[in-house]
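Notes follow the structure.
The values are calculated or read from the model by the stated rules, or taken from the named source; none is laboratory data. Everything numeric in this text was worked out from a predicted model, so none of it was measured. Neighbour counts run over all protein chains shown; Cβ positions are idealised from the backbone, glycine included.
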Amino acid sequence: MQVIVHRGTRQIGGVATQISSASARILIDMGEVLPSEDSSAQAQLSVPGVTDNTASCDSVLFTHYHADHIGLLPHIRADIPIYMGALTKDILLHTLPYQEPVLRRRVEQARTFSPGQMFTIGDLKITPFCVDHSACDSYMFLIEAEGKRLLHTGDFRCHGFRGKAMAKLIRRLGQVDALITEGTALSRPFTPPLTESALQRQVRGYIKQYKYVFVLCASTNLERICALSKAVPRGKYFVCDAYQQRLLDLLQKHWGAYSPLYRHIKKTIYSPRLFDRLREKGFVMAVRDNQSFRNIIRRFDPARQIILYSMWEGYLRQPQSTLPAFLALAPHWEPLHTSGHASAQEIAQLVTALCPKAVIVIHTQKPQALQTLCPQTKVVLLQDKEPLFV
Ligand SMILES: [Zn+2]
Ligand SMILES: [Zn+2]
């Protein structure tokens, strides 16, 4: 098999990885560059046969719904089949603006795969495995062809609620010939990540201290939203809006059978007629940076409220970010976040367990750090668009 990372060998966002055999060629992800890494020269990405007619491409597979993996979907040639998880498809259809009918149709036509169920594209045998990440329908792909086994991790971690499943998955995977792993954390300080369970305990502490707890969180970080709801004690409310409710219902529909975390989410949809009851009882409310939530926050007693900032801290530093002004709506705000990505140690453990003959690190600014962490392993430091045979 041949691997070409079209983008992502030296940056986090905007990944696109090509995997091909002698007779089939697929692309995994076609992402947008992160705003923090953006430059005009970087915004576009051309992939032969995917964004033009100069070659053929059999399919594009998406690991999950984050924009740095799926954002350039509109640039993919219309005749190329696309694949994604079933919840990812439903979430995209719910979140895509109706002003984008062409894109909506494209997503409506997307094929879906099921966790653990192998499917084939030409002679490539592809098995998707659902993994722990801050997008709750994220997949690793095991790709087998020409006598070789290659694992593409997508974004993953081991410190979320699904993290314990990773050890079982590693045992099931056995040895692989090549590993393409995300390496986001390699450029960050090597500190043990806070678990999502620890974060949930922190929320319980804030609920004891403050009557009105607003949590600023991505609406699609559904696992965290479920954990917030489950942290609310009897007699208080978990409040969200109808948009968030629909996303939680989609999560329960697709994954409710797999974990009690995802089902029977106690939620109240905010309405002005509930104001007196909410004011009297207290609540945790999942909020987003928009005018409706700004108006709601202003209605409650500032002395008894806090905003918990439950997103990546880098968003606060971006030029023109409106988030600092949003956080200033309450007299207090505190960070409440943990990374959606595997720590350097978790990546090293995966490498050690799978014993790959070659490792390629993508979705990272510092691929060379893996060589230091795993001195016994061959870490191939590819450039974007440089081919490698595995
Ligand atoms: Zn992601
Ligand atoms: Zn990502």
Filtered residues of segment 244-261 (kept if in contact (Cβ under 8 Å) with a residue 60 or more places away in the chain and not small (Gly, Ala, Ser)): Arg246, Leu247, Leu250, Leu251, Lys253, His254, Trp255, Leu261
Which condition number in (1) modelled with pLDDT under 95; (2) within 30 Å of Pro387 (Cβ to Cβ) is the one that Thr191 fails? (2)
Please determine, by comparing only the residues of segment 145-162 that are farther than 18 Å from Val361 by Cα and surrounded by 20 or more Cβ atoms within 10 Å (Cβ to Cβ), which one is nearest to ligand 1 (Cβ to nearest atom). Gly160
Is it the case that Ser134 is in contact with an Asp or Glu (Cβ under 7 Å, 6 or more places away or on another chain), within 16 Å of ligand 2 (Cβ to nearest atom) and small (Gly, Ala, Ser)? no
What number of residues in segment 1-19 are away from ligand 2 (no atom under 12 Å from the Cβ) and more than 14 Å from Val50 (Cβ to Cβ)? 5
Every residue in segment 138-152 that is among the charged types (D, E, K, R) and in contact (Cβ under 8 Å) with a residue 24 or more places away in the chain, please. Glu146, Lys148, Arg149
Within segment 214-244, can you find the residues that are aliphatic (A, V, I, L, M) and either under 25 Å from Asp132 (Cβ atoms) or part of a helix (DSSP H, G or I) (or both)? Val215, Leu216, Ala218, Leu222, Ile225, Ala227, Leu228, Ala231, Val232, Ala242
Restrict the check to segment 288-309 and report whether at least one residue is more than 28 Å from the chain's Cα centre (by Cα), surrounded by fewer than 17 Cβ atoms within 10 Å (Cβ to Cβ) and over 23 Å from Tyr206 (Cβ atoms). no
Would it be correct to say that Glu32 is of a type in the set (Asp, Glu), within 16 Å of ligand 2 (Cβ to nearest atom), on the phi < 0 side of the Ramachandran plot and assigned by TED's automatic domain parsing to the domain that holds Lys385? yes
Just for helices (runs of 4 or more DSSP H) wholly inside segment 30-129: which have at least 2 residues that are touching a residue at least 40 places away in the same chain (Cβ under 8 Å) and within 30 Å of Gly314 (Cα to Cα)? 67-70, 86-95
Looking at Leu327 and the list (1) buried (at least 20 other Cβ atoms within 10 Å of the Cβ); (2) within 30 Å of Arg277 (Cα to Cα), which single condition is not satisfied? (1)
Residues (away from ligand 1 (no atom under 16 Å from the Cβ) and surrounded by 22 or more Cβ atoms within 10 Å (Cβ to Cβ)) located in segment 177-191: Ala178, Leu179
Within 16 Å of ligand 1 (Cβ to nearest atom), touching an Asp or Glu at 6+ places or on another chain (Cβ under 7 Å) and assigned by TED's automatic domain parsing to the domain that holds Ile170: is that true of Thr95 in this structure? no
